[in-house]
Amino acid sequence: MRPWSHELWRLGLLAVAGSLAGWLFSAPGLGLAAGLALRLVYHLRQLHALRRWLTRNPHSEPPAATGLWGELFDRLYRYQKGQRHTQHRLQATLKRIQESSEAMRDSVVMLDQHGDLEWWNSAAERMLGLKAAHDRGQHITNLVRDPRFVAYFNARDYREPLTLTSPVNERVVLQFQITLYGDDERLVMARDITRLHRLEEMRRDFVANVSHELRTPLTVLAGYLETYADAADRLPPRLAQGLTRMQEQTTRMQNLVNDLLLLSRLEIDQGGEDHLPLAVPALLEEVRQDAEALSAGRQQVRVEIEEERQLLGSDPEIHSALSNLASNAVRYTPEGSHVVLRWKPHPKGACLEVEDNGEGIDPVHIPRLTERFYRVDKGRSSESGGTGLGLAIVKHVLLRHDAYLEIESPPGNGALFRCVFPDTRLVAAETSLDAASERLPSKRSG
Ligand code: ADP
């Protein structure tokens, strides 16, 4: 504030001195004007110096000045110095980030708001075939053209990564992950997961092959055991009992092998070839009859239909998923329980529910129930003929139908398994097959 009051004082003094000098010559007005003009000339000179300083080299020392102008020059100089410092720091940070991204083995590609390429590291050149000379400014989907990538990129839902083969080398498997940041810009990261993918493939093939190889010997064993069982009444009771145990265990192993083979098949191919509009009420009726046969009158099983549309899916797969849920409901509920199989509308589309009023499941187990061989009570599961693979099969079938499983179990109040299907999986009863399959996202993007 002091330079400012000095300036006012100075101006006042000049005005008074000018007026007095003018008064001596009988022209005080002229004297006042001359005094003020002197100050105006000084300010104009300083303005000129400021302009020259800013236009020529604002990084150099400011022009020498005192008072108000001195303070202004000083502040401007300090402000500019601060800005320069911040700019250098940001540049250094950006350089460090680019250097560390460069050193990464994963591809990193920075895109602007339009999805055009701004910067990428050398791993991206190797994995995605980007070329520094002419790809900058190109849209990412012009360079990674796989329709699955284009659909994933445009859908803007990047919660799950996308696995694809590299556009430059078919033998390399990449996992893409996109992150939105800043002003709608995107960071695309691609990781080489070829080794992991191969190991996973080997594991799946191994399980499928072993299960397949076990099938024939088990069928032979089961066949002989059945033949011997016909003559069990002629055997001593101890041997007859052993025969029954052997038959039980062979059946268990056959169930296990069948479930393992089914799971492998669900994992290996993408599915979708046998998807047709399914009449859900008829399907639920079949499942109800099987469940009743399994229950042998111990439980009441009924069907409720509240949705008219048909479900676009694979009949054997949906049947298998529902049978698993219904057989669980029968096997894990006490005598006299009720089981309901329901097809009804849902905010996301429609859902198939299997509800029982048994003892339910402790909530701590719910997140892990769909893991292979996860059982709440191992003894009870094996005793009731469970393989520990039922809910894993349900989960995989639903994945192949763009659906998901919800499990609700209020403590002591039964269990509810809900399979939620999106709108794209529903068709009006009279829809033609072609029109129905057009609804599927895979058809649309492919
Ligand atoms: P399992 O062959 O053992 O039945 P699942 O994968 O079908 O294997 O089920 C996993 C576990 O979930 C079962 O062992 C059981 O403890 C529990 N479970 C499944 N359904 C129900 C149900 N309706 N009520 C109570 N527990 C259930």
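The values are calculated or read from the model by the stated rules, or taken from the named source; none is laboratory data. Bear in mind the structure is a predicted one, so any value in this text is a computation, not a measurement. All Cβ positions, glycine included, derive from the backbone under ideal geometry; neighbour counts span all protein chains shown. Keep in mind that these areas ignore ligands, DNA and RNA; they rest on the heavy atoms of the full protein, side chains included. Shrake-Rupley method; radii C 1.70, N 1.55, O 1.52, S 1.80 Å.
Being hydrophobic (A, V, I, L, M, F, W, C) and surrounded by fewer than 13 Cβ atoms within 10 Å (Cβ to Cβ) is the filter here; which residues of the range 17-35 pass it?
24, 25
Those residues that are open to solvent by 10 Å² or more (accessible area, probe 1.4 Å) and aliphatic (A, V, I, L, M), I need them from the range 264-277; list them, please.
Across the range 264-277, the qualifying residues are 268, 276.
In the set 385, 349, 336, which member is surrounded by fewer than 19 Cβ atoms within 10 Å (Cβ to Cβ), touching a residue at least 40 places away in the same chain (Cβ under 8 Å), small (Gly, Ala, Ser) and out of contact with any strand residue (DSSP E or B) (no Cβ under 6 Å at 6 or more places or on another chain)?
Of 385, 349, 336, the one residue that is surrounded by fewer than 19 Cβ atoms within 10 Å (Cβ to Cβ), touching a residue at least 40 places away in the same chain (Cβ under 8 Å), small (Gly, Ala, Ser) and out of contact with any strand residue (DSSP E or B) (no Cβ under 6 Å at 6 or more places or on another chain) is 385.
List every residue pair whose Cβ atoms lie under 9 Å apart, where the two residues are 6 or more positions apart in sequence or sit on different chains, the first residue falls within the range 85-102 and is without any contact (Cβ under 8 Å) to a residue 24 or more places away in the chain, and the second residue, located anywhere, is part of a helix (DSSP H, G or I) and among the small types (Gly, Ala, Ser).
Filtered contacts from the range 85-102: 101/123; 102/122; 102/123.
Six or more apart or on different chains, Cβ under 6 Å: which pairs go from a residue in the range 427-442 that's closer than 17 Å to residue 272 by Cβ to one that's at pLDDT below 70? Could you list them?
From residues that are closer than 17 Å to residue 272 by Cβ, the pairs are 437/443.
Can you name every residue in the range 394-432 that is at positive phi and open to solvent by less than 40 Å² (accessible area, probe 1.4 Å)?
414
If you check residue 183 against the conditions, is it among the charged types (D, E, K, R), within 23 Å of the chain's Cα centre (by Cα), within 27 Å of residue 99 (Cα to Cα) and exposed (fewer than 12 other Cβ atoms within 10 Å of the Cβ)?
Judged against the criteria, residue 183 is a match.
Between a residue in the range 262-291 that is in the same structural domain as residue 427 (by TED's automatic domain parsing) and any residue that is in a strand (DSSP E or B) and open to solvent by 50 Å² or more (accessible area, probe 1.4 Å), which pairs come within a Cβ distance under 8 Å, given they are 6 or more apart or on different chains?
Every condition considered, the pairs that remain are 280/305; 281/305; 284/305; 288/302.
Only one residue in 117, 143 is in the same structural domain as residue 180 (by TED's automatic domain parsing), open to solvent by 20 Å² or more (accessible area, probe 1.4 Å) and not aromatic (Phe, Trp, Tyr), so which one is that?
143
Which pairs do you get when a residue that is under 10 Å from residue 106 (Cβ atoms), found in the range 163-191, comes within reach of a residue that is in a strand (DSSP E or B) and among the aromatic types (Phe, Trp, Tyr), reach meaning Cβ atoms under 9 angstrom, with the pair 6+ apart or on two chains?
So the pair list comes out as 189/176; 190/176; 191/176.
Output yes when any residue across the range 362-371 is open to solvent by less than 50 Å² (accessible area, probe 1.4 Å), touching a residue at least 40 places away in the same chain (Cβ under 8 Å) and within 12 Å of the ligand (Cβ to nearest atom), and no when none is.
Yes: one or more hits.
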